[in-house]
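Each reported figure results from applying straightforward, stated rules to the coordinates on display, with no laboratory input. Keep in mind that what you see is a predicted model, and the values were worked out from it rather than measured. No Cβ is skipped: glycine too gets one built from the backbone with ideal geometry, and neighbour counts run over all protein chains shown.
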Amino acid sequence: MCGITGFTGKQPALPFLLQGLSKLEYRGYDSAGVTLVNSKKLRTWKTKGRLSELEKVLSDDLDQSCGIGHTRWATHGVPSNMNAHPHMNRGNTISVVHNGIVENYAALKKELLDEGYEFHSDTDSEVIVQLLDYYYRKKPVMKEALMRTCRRLEGSYALCVTSVYEPNTIYVAKKESPMVLGQSAEGTFCASDAPAMLEYTKEIMPLQDGQFAILNKDSLEVFEADGRPAEKKWIHFPYDVQAAQKGGYDSFMLKEIHEQPGAIRETLRGRFRGTKVILPQIDKLNADWDSIRETWFIACGTAYHACIYASGLYQRYTGKPAFVMPASEFRYCDPAVGPHTLCIFVSQSGETADTLAALKLARAKGCLTIAVVNVLGSSIARQTDAVLYTAAGPEIAVASTKAYTTQLVLLHVLVLKLAELFGIKVKGISALIRDLKRLPDVIEETLQKEPVMKKCAKMLKDQRDAYFIGRQLDYPTALEGALKLKEISYVHADAYYAGELKHGPIALIEKNTVVLAMATQPEIAAKTISNIKETVARGARVILVTDEEMSAEEFKYVIRLPEICPSLRPVPAAVLTQLFAYYAAKEKGCDIDKPRNLAKSVTVE
Ligand code: AGP
């Protein structure tokens, strides 16, 4: 969602602030702003629209060496200059940028209005700067004013404060919204996500919930909520700057689609010895596996689709019950879970607010928790009993691609491990492991179908709708394909179990309706094919994704997956749907990496 940068150092702050915000553009935003500080005054510029708009309004004399920046994704109040951050107090002596949601902002605002404060925006964030002003006037010590302010805020925040009172200092605080700190020869800095800093350092310190930090030119102090000094925990980010650049592709999404063979190879590296699954993080749990009665898979969006796939595999391999639910539902459904429950949380960013809240609930109920996460040191990664990292590398495009396929693969490995721990022998495990290791090559081969998918995507040129169908393990692929198409091309897309079509959705099928049908699972493919024929009979144009053997002469567009175990076919099939969505969006001239209204990491409820 919103992006934050802050810099104090020996050189002008603006270059860091702007390059950092541009690295965070992928998170989605609708307005931008910066404050630069010198000893006498704060200078703030903000605009609705893209960073390029902000750069146009920046005047000269911009060489101040301390400043904060922000890109806003509207939650409270429309995108506008007034609602853009930073927000200032009366007198323009304190400036604040904020990510997250202040849930009790209405009550705080009323209190401050009664004290004679004036508000100039519709945002919840503005109460933070006014509250800081209020406490600073009572006692002019910024550290104390910040602590008192944070204690009053309900909800989530990552915030940066700068002021004329300490013109070389930035105060940073965090609760349930990401914030990372860094230091280099140039100065001390912070950002809401690591890619904003990778040009300056690869040693990153994620601020923990409740902590705050004081950044000066050449010092960085971290404190617990009560003001005690906190231990500094640095993480080395193995990614190079190129990993967060387009590298010759016209979009991050296309680059990330093509990175999947490598990302899957890395995710699988060292996971097997013979037929034994090597996941030391899970062994270290020393759990009483026999007491686990059922497993829940919980996530949002694309990661939720990966969970549907994993829950299908889990039931198949272990014969034990599995449940799957979006985190936004789990957190409010009073789930029947407890110490006999294993909860698996899946997230690319590791910061999704709903998933984090669901995790906290599961922990409070005594469940054993495991996370499958991509971003190192993220909140979800830190708060589970064990974490497994997908090795997708930085995923910049809002539409998830390599994060999804690496989640499928790592969840598959995890489910095999759980079967092993339950003492269950999975049928055909040797062939399965052999094929898991072949998967990167299979994806490489699948990517050769790019021109075919490009041609198929042209079918959507004048279409407003598309349908994705599949059964069993093909169903999550259908859901994910439909989500991808909606997200980036704005074509309305729905996914259905193929067998459900005739119970209603078939009423929508007419001449030229585009249907992408997945029939990759041998035990059910023939049934799916019959369902597809029902759509053809009503004039649908069907693109059929199937294996090498399935007889499908009657279909005009048949895309055959390379030979691989059926349970792994959803991985190459997902790659085809990504290419389909990508070329549909391209055909329509959409902004593929930054789709409207969407944010990469949804850190608010
Ligand atoms: C995927 O294309 C979406 N951008 C979105 O559904 C995403 O998967 C979801 O918001 C969950 O994010 P997470 O994996 O970072 O938790």
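Quick notes on this structure:
- For the chain, share of DSSP beta bridges that run antiparallel, in % to the nearest 5: 60
- Per-pair calculated FRET efficiency, R0 = 45 Å: K437 and K365 via Cβ, rounded to 0.05: 0.75
- Extending 7 Å from the Cα toward the beta-carbon at both Y490 and K143 defines two label points whose distance is 5.1 nm.
- Once the Cα-Cα distance is subtracted from the 0.36 nm per residue extended length, the V164 to V452 segment shows a gain of 97.7 nm.
- Residue (of V324, I282, C300) at the positive-pole extreme of the stretch 276-329, dipole from beta-carbon charges: I282
- Residue-span extension gain [A336 to T275] - 0.36 nm each, minus C-alpha spacing: 18.5 nm
- Rounded to the nearest 20 debye, the dipole magnitude of the chain is 420 debye, with +1 charges on Lys and Arg beta carbons, -1 on Asp and Glu beta carbons, and the Cα centre as origin.
- 11 Å beta-carbon shell around I278, net charge (K/R +1, D/E -1): +3
- Each 20 Å bin from zero up to the one holding the largest Cα-Cα distance in the chain carries the following percent of pairs: 20, 49, 27, 4, 0.
- FRET E, pair R560, E523, Förster distance 22 Å, beta-carbon r, rounded to 0.05: 0.75
- Spin-label model distance (nm) - S59 vs E294, 7 Å beyond Cα toward Cβ: 6.5
- Relative to the dominant Cα principal axis of the chain, helix 353-364 is inclined by about 80°.
- Think of each Lys and Arg Cβ as +1 and each Asp and Glu Cβ as -1; about the Cα centre, that makes the dipole of the stretch 243-369 roughly 400 debye.
- Exposure proxy ranking, count of Cβ atoms within 10 Å, fewest first, for H70, H503, H305: H503, H305, H70
- D_trans [Stokes-Einstein, Kirkwood Rh over alpha-carbon pairs] for the stretch 77-149, 10 °C, 1.306 mPa s, µm² s⁻¹: 128
- Backbone N atoms of the stretch 146-162 closer than 17 Å to the 7 Å Cα→Cβ label point of H76 belong to residues 149-160.
- E587 paired with Y249, simple spin-label distance in nm, labels 7 Å along Cα-to-beta-carbon: 2.1
- Distance from the stretch 70-93 to the stretch 180-203 (C-alpha centre basis), Å: 24
- Separation of the alpha carbons by more than 19 angstrom is noted, of K455/K556; K461/K588; K174/K217; K425/K527, for K174/K217; K425/K527.
- A DSSP coil position with no more than 12 other Cβ atoms inside 10 Å describes the following chymotrypsin sites (Phe, Trp or Tyr not before Pro) in the stretch 262-346: Y332.
- Straight Cα distances below 20 angstrom link K109 to the aspartates and glutamates E118, D122, D124, E126, D133, E154, with same-chain residues fewer than 8 positions distant left out.
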